[in-house]
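**Q** I have a structure I would like to understand better, so I am pasting it below and will then ask my questions one at a time.
The values are calculated or read from the model by the stated rules, or taken from the named source; none is laboratory data. These figures come from a predicted structure and were not determined experimentally. Heads up, the Cβs are rebuilt from the backbone with ideal geometry, glycines too, and the neighbour counts pull from every protein chain shown. To get the accessible areas, we keep the full protein, side chains included, count just its heavy atoms, and leave off ligands, DNA and RNA. Shrake-Rupley method; radii C 1.70, N 1.55, O 1.52, S 1.80 Å.
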Amino acid sequence: MTEGTVSLPWLVIRQDDNGNRYRVGRYATRAEAQKIADSLDDRGHKQLYWVERIGHSNGDAATRN
């Protein structure tokens, strides 16, 4: 892993209506990432947002909204 990966290990992921997934951003803490995911989810769009730690699969450390 690079130094940037270690310092920003939390991702916010978005899945659109067609099942395409996109990385929204990388964050230093889970709380910071969750705050962003929650704010995006609260906008009422039909996309799915969740937090995931780099190096873990969705089932290991993900929090889905």
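**Q** Karplus couplings for the stretch 24-37 from phi (6.51 cos²θ - 1.76 cosθ + 1.60, θ = phi - 60°), rounded to Hz, Gly and Pro as x?
**A** 7, x, 10, 9, 6, 10, 5, 4, 4, 5, 5, 4, 5, 4
**Q** At a 1.4 Å probe radius, which order do V12, V24 fall into by accessible area, largest first? Each step should come with its number before you reach the end.
**A** Numbers: V12 0, V24 65 Å².
Result of the area sort, largest leading: V24, V12.
**Q** For every other residue with a beta carbon closer than 11 angstrom to the beta carbon of Q47, add +1 if it is Lys or Arg and -1 if Asp or Glu, then tell me the sum.
**A** Values: positive: R14, R21, R43, K46; negative: D16, D17, D41.
Local charge sum for Q47: +1.
**Q** How much accessible surface does R23 have with a 1.4 Å probe, in Å² rounded to 10?
**A** Estimated to the nearest 10 Å², R23 gives 150 Å².
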